[in-house]
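**Student:** Can you keep this structure in mind? I'll have questions shortly.
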Amino acid sequence: MSQTSESSEGPAVVGLHATNAKRSVVDGYGRLRVEPIDGLRFRLTRPVPHEDGHVIEVARTDWEIVSRPIVQVHVTTTFPGRVRAWGLHRHATDRLFVAAGLVDIVCYDGRLDSPTYGWLNQFTFSDRNPGLLVVPPNVYHGWKNIDVTEAIVINMPTSLYDHDHPDAVDLPYESPDAPDIVPFRW
C-alpha cells in the first residue's frame, strides 16, 4: 500500500511525506544566502566572455576581501570524488579559488570564543560559478571534488609556508574523531 499526503497546497501525492522542501541557495538578486562564520568572507566573481574565450578575476588588491598582501600562490588538485579534509591554520588565512572542476567547500567554526562557534558554512564553486573564499585562522575547512574531472584549487595564503614548522594542522577525514569534531560528512 502506498502512502499519500494531503496538503492545503494541492492534491494528495504518493510519496510526498518523504520529500523535503526546496530552499534556494541564492536570493532573487542572485546573492548567496549565507550567514558566514565570523571572519569567513567570500566574493563571487564571474567569467567575462570575449571573442577568444573568458577571463575571470581571481584576486585584486582593491577588493576589501584581499586586505593583506599575497605572499605565495599554490595550486592543489583533487581527483574526482576525493575528499581533502579537515585542515586549519593556527595563524595564517587561506584564500581559496576554484579554477577548474566542481568543488564543495565546507568550513566549520570550532573556536570556543567565537560568536559563530559551532556554525558550518558550505559553498559550491566551479569555473562556471567562481568565487574567492577567505578562511580565517583556526577554522576547519575541507572540500570534495563533486565533478567527474580533476579539480584545481588556487590558494593565496597570507603567510609563506614554513617547510620546517608548518602552520597547518590536519584532522584526517577518516579519523574516528572527525565526525564528533566537525559535524559534517559528504
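The values are calculated or read from the model by the stated rules, or taken from the named source; none is laboratory data. Remember, it's a predicted structure, so these values are computed and weren't measured experimentally. Note that each Cβ is placed from the backbone with ideal geometry, even for glycine, and that neighbours are counted across all protein chains shown.
**Student:** Can you confirm whether the stretch 38-45 contains a residue that is among the acidic types (D, E), in a loop (DSSP other than H, G, I, E, B), out of contact with any strand residue (DSSP E or B) (no Cβ under 6 Å at 6 or more places or on another chain) and touching a residue at least 24 places away in the same chain (Cβ under 8 Å)? It would help to see each step written out before you state the result.
**Tutor:** As a first pass, look at the stretch 38-45 and keep what is among the acidic types (D, E): 38.
Checking which are in a loop (DSSP other than H, G, I, E, B) leaves us with 38.
Next, only the ones that are out of contact with any strand residue (DSSP E or B) (no Cβ under 6 Å at 6 or more places or on another chain) stay: 38.
If we keep only those that are touching a residue at least 24 places away in the same chain (Cβ under 8 Å) as well, we get 38.
Yes, the stretch 38-45 contains at least one residue that is among the acidic types (D, E), in a loop (DSSP other than H, G, I, E, B), out of contact with any strand residue (DSSP E or B) (no Cβ under 6 Å at 6 or more places or on another chain) and touching a residue at least 24 places away in the same chain (Cβ under 8 Å).
**Student:** Considering only the stretch 59-87, state which residues are among the polar types (S, T, N, Q) and either surrounded by 14 or more Cβ atoms within 10 Å (Cβ to Cβ) or free of Cβ contacts under 8 Å to residues at least 24 places away in the same chain (or both).
**Tutor:** T61, S67, T77, T78, listed by residue number.
**Student:** A follow-up question, please. In the stretch 13-20, is there at least one residue being at pLDDT below 80 and assigned to a strand (DSSP E or B)?
**Tutor:** For the stretch 13-20, residues at pLDDT below 80 and assigned to a strand (DSSP E or B): absent.
**Student:** Continuing with the same structure: Filter the stretch 131-173 for residues that are acidic (D, E) and out of contact with any Leu (no Cβ under 6 Å at 6 or more places or on another chain); which is surrounded by the fewest Cβ atoms within 10 Å (Cβ to Cβ)? Don't jump to the end; show me each part of the working.
**Tutor:** So the first thing to find is which residues in the stretch 131-173 are acidic (D, E), and the list is 147, 150, 162, 164, 167, 170.
Narrowing further to those that are out of contact with any Leu (no Cβ under 6 Å at 6 or more places or on another chain): 150, 162, 164, 167, 170.
Values: E150: 13, D162: 10, D164: 4, D167: 15, D170: 14.
Out of the qualifying residues, it is D164.
**Student:** Failed condition for I105, given (1) crowded, with 21+ Cβ neighbours inside 10 Å; (2) more than 28 Å from G53 (Cβ to Cβ), with all others met?
**Tutor:** It is condition (2) that I105 fails.
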